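Data first, discussion second: the structure below is written as structure tokens.
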Amino acid sequence: MMKKRSWLTGLFLLILSSITVIVRVYYVNHMMSEVNINEDIYNAAKVSIGSGGLSSVFADGFRMQSLYICNLYFAFLIFGNFTVAGVYLNMLYQLLTIVFVYMLIRNVANCYVGFLGSLILSILPIYVNTLSDVTIQNMLICMAALVGAVVISAVHWIVRRSAVKKDISAKTDMDSEARNEEIKSGADTSETANADLILDTSLKEIRYDDLEDNKVQYIENPLPVPRRREHKEMDYAFEPAGNDDYDLKDLTDKDFYDIE
């Protein structure tokens, strides 16, 4: 189940990212007529370039606008123009916002509802039109979605972990009860057996016939075996008398071939 959910999450994020980028590239190339850049942000970004670094951006301390100007400065180093850098920076913020919204809704409901909500946000015209406004607005929305996703994920993890602990505790209790029942039933059986042994005080003679059931019972061999050999007996042709000297004196009607 966990493996299937991870696979669906990856697929949904890939689809949402593709749709988000395609819609915004189409809007920038065909529907956006002008770009509105905040004057304060533009002047602060120009000062950071003129001073040769970002130290002037955070001169008055850390602020959200200073963080946005810092990101805009890095985007300017890539695109070479504040207007173009601001538009594509807004596109990045909106892409991250849609991903965070998906994670937030998925933890609250499920991945299908999260995909549907994020898909609606990715093609929402009001949200797409904010690409042309180079202001801090998209960054604030992105950070709010990030904080919400992190908080909901932490709460979801804590709730799920406590539920797992409860299940383990309940299972342990059930196993303990079952083990106690087995021990108790074994003790009762043992007491009954001991009672039977105590009650049976008569002496009984052990006979050989009583042990027949314990003998090994062999089965008939199904394989062919050699035929049993018949035992032959040899006897004498003449039965000698008690005082016989074992010599034939009368050879009448006797032909032994080798005696002449």
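In whole percent, and with a 1.4 Å probe on the protein chains, what portion of the accessible area of the stretch 105-153 is carbon and sulfur?
Summing carbon and sulfur atoms, their accessible area is 81 percent of the total for the stretch 105-153.
What ranking, highest mean first, results for peptides 164-171, 19-26, 7-14 when packing means the other Cβ atoms within 10 Å averaged over each residue?
19-26, 7-14, 164-171
Taking 2.2 N^0.38 Å as the expected size of a compact globular protein, what ratio does the Cα radius of gyration of the stretch 67-137 give against it, to two decimals?
1.27
Once amide H atoms are built 1.01 Å from N in the peptide plane, which residues 5 or more positions from Val134, or in another chain, come under 5 Å H to H?
Asn36, Ile37, Asn38
Among 150-162, 222-234, what's the highest-first ranking by average C-beta atoms within 10 angstrom per residue?
Peptide ranking by packing, descending: 150-162, 222-234.
The values are calculated or read from the model by the stated rules, or taken from the named source; none is laboratory data. Computed from a predicted structure; not experimentally measured. Because the Cβ atoms are built from the backbone with ideal geometry, glycine has one as well, and the counts that use them run over all protein chains shown. Keep in mind that these areas ignore ligands, DNA and RNA; they rest on the heavy atoms of the full protein, side chains included. Shrake-Rupley method; radii C 1.70, N 1.55, O 1.52, S 1.80 Å.
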